[in-house]
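Okay, so here's the structure we're looking at.
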Amino acid sequence: MLTFVVGNLLGRADEGLRWGRLGHAVYERLGELESIRYITLLGSLGIVHEKRGDLAKAQEIGREGARAQPPPLRRGAPRGR
């Protein structure tokens, strides 16, 4: 969320990308590189890279997000977790 808000909405792309790198490290450490939260982070990173004009990096990140396979939601499971 900070990646998107800081990097896109506040227009501080470099700072937003720093938050994104930190988020990536956290999800990697937790073993959650297939989680919905991580895929959302990738989307935010792609938007910030696109805003900076780095379309190749934005597309690369978009492809990574498309390849990720989040676990299916269980019936009755809270969304966004």
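The values are calculated or read from the model by the stated rules, or taken from the named source; none is laboratory data. The shown structure was predicted, so the numbers you read here are calculated from the model rather than taken from an experiment. Reconstructed Cβ throughout: ideal geometry from the backbone, glycine too, with neighbour counts over all protein chains shown. Quick note on the areas: whole protein, heavy atoms, side chains included, nothing else; ligands and nucleic acids left out. Shrake-Rupley method; radii C 1.70, N 1.55, O 1.52, S 1.80 Å.
Observations
- Members of segment 16-37 found to be open to solvent by less than 90 Å² (accessible area, probe 1.4 Å) and under 17 Å from residue 58 (Cβ atoms), listed by number: 16, 17, 20, 23, 24
- Checking residue 66 against (1) open to solvent by 70 Å² or more (accessible area, probe 1.4 Å); (2) in a loop (DSSP other than H, G, I, E, B); (3) not basic (Lys, Arg), the condition it does not meet: (2)
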